[in-house]
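Structure first, then comments.
The values are calculated or read from the model by the stated rules, or taken from the named source; none is laboratory data. Everything numeric here is computed off the predicted structure, so don't read it as measured data. Positions of Cβ are generated from backbone atoms using ideal geometry, with glycine treated the same way; all protein chains shown enter the neighbour counts.
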Amino acid sequence: MTPPTPAEEVAIRSGDDVVRARRLVREVAQTARLSLVDQTKLVTAASELARNALVHGASGTARVELIQAGGRTGVRAVFSDQGPGIADVALAMTDGYTTGTGLGLGLGGSRRLVDEFHLDTAPLRGTTVTVVKWSR
């Protein structure tokens, strides 16, 4: 396994930062040679996750890196916040569940757009969502 390239990080404190995080994800996805469809899926998920960090966590970070494993190239994006955490993960992952402030995808929709999805959350500890999209 080739070690990943250095990760780039964007602080998420405003709507402009959400746009910067999306742009970074797209740039790394292009470097990974993801198809246009897969780039769009990953950027859409990243937009939702960055917006969640801003809205629910008051601020956060997006860390994006090019990764390689098993002859494949992909993108890993980690969205973290120090907010209140998600009290009901099952509800938050339910299709169609949204608080009405994002794209309406919710966490479940974001999960369907990527190849790997990991959610780590606890009340008063914040939330970290890690997503990976592999080139085909």
TODO: Answer with yes or no whether ILE67 is under 19 Å from LEU105 (Cβ atoms), touching a residue at least 24 places away in the same chain (Cβ under 8 Å) and crowded, with 19+ Cβ neighbours inside 10 Å.
DONE: no
Open item on the list: Residues that are under 17 Å from GLU116 (Cβ atoms), in a helix (DSSP H, G or I) and in contact with a Phe, Trp or Tyr (Cβ under 7 Å, 6 or more places away or on another chain): does segment 17-37 have at least one?
Closed with: no
Open item on the list: So, in segment 69-92, how many residues would count as being over 19 Å from GLU9 (Cα atoms) and assigned to a strand (DSSP E or B)?
Closed with: 3
Open item on the list: So GLU48 passes all but one of these: (1) within 15 Å of PHE117 (Cβ to Cβ); (2) surrounded by fewer than 16 Cβ atoms within 10 Å (Cβ to Cβ). Which condition number does it fail?
Closed with: (2)
- [ ] Give the residue that is nearest to LEU66 (Cα to Cα), with candidates limited to residues of segment 1-51 that are without any contact (Cβ under 8 Å) to a residue 24 or more places away in the chain and of a type in the set (Asp, Glu).
- [x] GLU27
Open item on the list: Which of the numbered conditions does GLY70 fail, given that it passes all the others? Conditions: (1) modelled with pLDDT of 95 or more; (2) more than 29 Å from GLY85 (Cβ to Cβ); (3) of a type outside the set (S, T, N, Q).
Closed with: (1)
Open item on the list: Is it the case, given these coordinates, that ASP120 is acidic (Asp, Glu), part of a loop (DSSP other than H, G, I, E, B) and over 23 Å from GLN30 (Cβ atoms)?
Closed with: no
